[in-house]
Amino acid sequence: MERNFTEQELVRREKAEKLKELGLDPFGHRYDREDYAKDIKEKYQDVEHDAFENMDDTAKVAGRIMFIRKMGKASFFTIQDKTGSIQIYISINDIGEEAYTLFKSADIGDIVGVYGKVMKTKTGEVTIKCLEYTHLVKALRPLPEKFHGLTDKEERYRRRYVDLMMSEESRKVAFLRPRIIRCIQKYMDGVGFTEVETPVLTTLLTGASARPFITHHNTQDMDMYLRIALELPLKRLLVGGMEAVYEIGRVFRNEGMDPKHNPEFTLMEAYLAYSDLEGMMDLTEGMFTTIAKEVCGKMIYNFDGNEINLEGPWKRISMTDAIKEQTGIDFKSITDLDECLKLSEEHHIELEEHEKAYGHIINKFFEKYVEETLIQPTFLYGHPLEISPLTKKNLEDPRFVDRFELFMGGKEFANAYTELNDPIDQLERFEAQIAERDLGNEEANDIDMDFVEALEYGMPPAGGIGYGIDRLMMLFTEQESIRDVLLFPTMKEKNKEL
């Protein structure tokens, strides 16, 4: 493919050819690095300048050149590794004319190795005095201008590799995410859970209300779905006797993209035998506060323009009570559907045909009047039966189920249940979902008869919960967009509009 190179790109390619003429591979080989920038700076930051005269400490580092100040026979440059950056002092008197000439041909963006003596400049900056300079990789493209980096957000997400080079904040988020994942795993393992893996490909649409991505299995000659949830396979494991299981994995929902949603995202689901809704609340509050203390070291976070305080105990309120607080309407005392429909009309709430039911109306009122008001951590429980097809009915009022959602900053962070383990009731719920599909609900679940059969063997009473890990990351890294916590978010094609 024919390409048009910029003048800078042409110059860099010429330099790569000259390296070959010198017998050097422009794209390098193994380099046995021994030290990292952050460790060196932390070790020597409190050592006085004059003390280095009596020291002979050395370091061997490697990284990308991010700054060069060439000054004749001596120069300064900065290299950046995964831990940060460190300044290098390089002189023709220390490394010889041949090596110094090689350095002078270097460009910002090149990757090099440096062995030298640790020192400190008169201004107090920990620096490595280069004694051996090794060219490793020639960068054929120039980096963005230092102080602005990639200013176009779309380009930041498309070219995350450049964003990570230029943005300290992006690197911080990228390294913090796996630390939070490890903390979650350690916490869950510590309270008796076992991490498992379940299939990504499935033949049924179950576990959540969502439109799927469809793929095709050539050997079996059948269409399959990319999973939209983790729920039913994990609950089968409860039937099998594993009792406390969780999975952190990718799920796929064929929906739109916005600052809070990506078509593929990371979901965590956990199921605990002999537990219930209260147990899931305790588990959740414990997990979030553990991450806050052990990974981030603070309890207050800025999320979506709100100051969120994770100090417990967290508020617990029913959906109907929350609606009553905002509107004065007590849906718990209303039994007549016509009255609900009339209230919907009076409050200008539009309903699809399949939403003209008691539970859907309550949910519409919640979404309009309550959801955005739940700023501090709040467990909202007592959801209507119609919007919770896999959940155990409430013993006191079977119009509702034992379910909660965790809200912060007006956004959902978790969804939990006292799990339905009655196979007869479960089959009836599945059948009701098919009826909804016939009325136009494209997100209704399929009937999973194998799961019903599993329940017939007996699943212990259990609590279950699902967490949106990416939104959790947005909270703990204080980012406004889900794309800032995903290394490679889904992007529209450059020549197409969403």
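Report whether or not Asp338 is in contact with an Asp or Glu (Cβ under 9 Å, 6 or more places away or on another chain), among the acidic types (Asp, Glu) and either open to solvent by less than 80 Å² (accessible area, probe 1.4 Å) or assigned to a helix (DSSP H, G or I) (or both).
no
Sort out which residues of the range 106-140 are closer than 30 Å to Glu9 by Cα, in a loop (DSSP other than H, G, I, E, B) and open to solvent by less than 30 Å² (accessible area, probe 1.4 Å), and write them in order of number.
Within the range 106-140, Ala106, Asp107, Gly109, Asp110, Lys138, Ala139 qualify.
Could you check the range 1-105 for strands (runs of 3 or more DSSP E) lying wholly inside it with 3 or more residues that are at pLDDT 95 or above and open to solvent by 30 Å² or more (accessible area, probe 1.4 Å)?
In the range 1-105, the matching strands (runs of 3 or more DSSP E) lie at 58-71.
Using the structure shown, decide if Met165 is touching a Leu at 6+ places or on another chain (Cβ under 8 Å), buried (at least 16 other Cβ atoms within 10 Å of the Cβ) and free of Cβ contacts under 8 Å to residues at least 60 places away in the same chain.
For Met165, the condition - touching a Leu at 6+ places or on another chain (Cβ under 8 Å), buried (at least 16 other Cβ atoms within 10 Å of the Cβ) and free of Cβ contacts under 8 Å to residues at least 60 places away in the same chain - is not met.
Grab the strands (runs of 3 or more DSSP E) fully contained in the range 180-271, keeping just those with 3 or more residues being loosely packed, with under 15 Cβ neighbours inside 10 Å.
Of the strands (runs of 3 or more DSSP E) lying wholly inside the range 180-271, those with at least 3 residues that are loosely packed, with under 15 Cβ neighbours inside 10 Å span 214-217.
Just one of the numbered conditions (1) over 15 Å from Leu277 (Cβ atoms); (2) of a type in the set (Ser, Thr, Tyr); (3) not in a helix (DSSP H, G or I) is not true of Tyr381; which one?
If we test Tyr381 against (1) over 15 Å from Leu277 (Cβ atoms); (2) of a type in the set (Ser, Thr, Tyr); (3) not in a helix (DSSP H, G or I), just (1) comes out false.
Within the range 341-369, work out how many residues are closer than 28 Å to Ile300 by Cα and surrounded by fewer than 22 Cβ atoms within 10 Å (Cβ to Cβ).
Adding up the residues that qualify gives 3.
Which residues, counting only those in the range 279-291, are touching a residue at least 12 places away in the same chain (Cβ under 8 Å), of a type outside the set (Val, Ile, Thr) and surrounded by fewer than 20 Cβ atoms within 10 Å (Cβ to Cβ)?
Scanning the range 279-291 gives Gly279, Glu285, Gly286.
Could you pull out the residue among Phe76, Phe67 that is within 24 Å of Leu19 (Cβ to Cβ) and touching a Ser or Thr at 6+ places or on another chain (Cβ under 7 Å)?
Being within 24 Å of Leu19 (Cβ to Cβ) and touching a Ser or Thr at 6+ places or on another chain (Cβ under 7 Å) holds for just one of Phe76, Phe67, which is Phe67.
The values are calculated or read from the model by the stated rules, or taken from the named source; none is laboratory data. From a predicted model like this one, the values you see are computed outputs, not experimental measurements. A quick note on method: Cβ atoms are made from the backbone with ideal geometry, for glycine too, and the neighbour counts reach across all protein chains shown. Accessible surface is based on the protein model in full, side chains and every heavy atom, while ligands, DNA and RNA are left aside. Shrake-Rupley method; radii C 1.70, N 1.55, O 1.52, S 1.80 Å.
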